[in-house]
1. Can you name every residue in region 161-176 that is in contact (Cβ under 8 Å) with a residue 40 or more places away in the chain and more than 20 Å from Leu91 (Cβ to Cβ)?
2. Output the number of the condition that Glu179 fails; it satisfies all remaining conditions of (1) touching a residue at least 60 places away in the same chain (Cβ under 8 Å); (2) more than 30 Å from Pro277 (Cβ to Cβ).
3. Among the listed residues Phe232, Phe176, identify the single one that is farther than 24 Å from Tyr110 by Cα and under 21 Å from the mean Cα position of the chain (by Cα).
4. Among the numbered criteria (1) over 25 Å from Lys268 (Cα atoms); (2) surrounded by fewer than 17 Cβ atoms within 10 Å (Cβ to Cβ), which one does Lys109 miss?
5. Which residue out of Ser205, Ser158, Ser166 is farther than 23 Å from Leu106 by Cβ, among the small types (Gly, Ala, Ser) and at pLDDT 85 or above?
6. Filter region 86-100 down to the residues that are over 21 Å from the mean Cα position of the chain (by Cα) and surrounded by 16 or more Cβ atoms within 10 Å (Cβ to Cβ) and list them by number.
7. Take Leu258 and decide whether it is among the aliphatic types (A, V, I, L, M), under 19 Å from Phe309 (Cα atoms), surrounded by 12 or more Cβ atoms within 10 Å (Cβ to Cβ) and in contact with a Phe, Trp or Tyr (Cβ under 8 Å, 6 or more places away or on another chain).
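The values are calculated or read from the model by the stated rules, or taken from the named source; none is laboratory data. In this text, all values refer to a predicted model and were calculated from it rather than measured experimentally. Note that each Cβ is placed from the backbone with ideal geometry, even for glycine, and that neighbours are counted across all protein chains shown.
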Amino acid sequence: MSILEYIRQRIVRQDLRIPVSLIQKSLREIEKEEILSKHGKNLLAIAIANTDRMEKLLLHEKKKSEKWKLYPSADTVNSTDTAHGKETLLLAENNNEIYEHFQKDLIEKYQVIHADDGAKALKLAKEINPDIIIADAFLPVLSGYELCRMLKSSVGTSHIPIILMSALRDKENIIFGLEAGANDYIFKPFDFDILKARIRNILQSRDQLHEIVFTETRVEETKYTNELDIEFLDKAKQIVETEIDNPDFSINDFCSMLAMSRSSVYNKLKALTGQPPNDFIRIIRLNKAKGLLASKKYTVSEVSYKVGFTDSKYFSTSFKKQFGISPSKVE
């Protein structure tokens, strides 16, 4: 019996109306029982930690300075580090000495997850959606080149930046790695201060793109380099714009039109825009509303309905929160 099946049997009501405290209580009861495997207990610990943090969020006990996020489901991730907002670095390297150096030099800034062959790295990348991957070019089972090519050719993982590393310095291998989709290529042995600067630059460039993705700039004119990422964002924006006046347009509809699972859409949008799906849709709607209001052709109430809000008061509150001014003050 899987952990999910077991939890479903213990929690009779299976909808989002169940109070978080009741879910917590049921999970705590399951935790005391001996039926679970070690892997199941790890997953259960993650679920409990998530409900603890959800309860704090609902009770407004979360400090503004904290980054709140649900822990990934992979049992290899240290949930304590993830909870404190560390970015996740997946290291694909079969040299334990190098892994130990990574842990020592990067542990303060990153949650380092290790895979000792390319196939394991591929599996982990799909499960935990790391912020960045550093992979040896000549991994066993699946080479770093193949790993890079496979991740960059899948819409579910194409957004993950990858740095390939190798002791080979010849031009052909560098070109081969970059053509496989690598964001950078470094040589062994390397200076960790330089590596940290390269990681920081890649992640900062990603954050800068978050700031312009909701502007009038066309997606293909941004600095996104992967065609799959450009196509995904373009399609996501078009879907929202097509459904912009539909108040019944849901996340399920959105994911269905993108032909992707909810988790894949969430991971993709968070990586490319910094926003979860609900906020992504809301921001596009509000940006459209701002343009309509600036035209002076419609009242605030008319604009709210044109962008899918059925409650003009809620629309005004959302608008002011987004732009810092009330809709009636738009010039």
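1. Of everything in region 161-176, nothing turns out to be in contact (Cβ under 8 Å) with a residue 40 or more places away in the chain and more than 20 Å from Leu91 (Cβ to Cβ).
2. (1)
3. Phe232
4. Evaluating Lys109 over (1) over 25 Å from Lys268 (Cα atoms); (2) surrounded by fewer than 17 Cβ atoms within 10 Å (Cβ to Cβ) leaves (1) as the failure.
5. The match here is Ser158.
6. Passing the criteria: Glu93, Asn94, Ile98, Tyr99.
7. No; evaluated as a whole, the condition is false for this residue.
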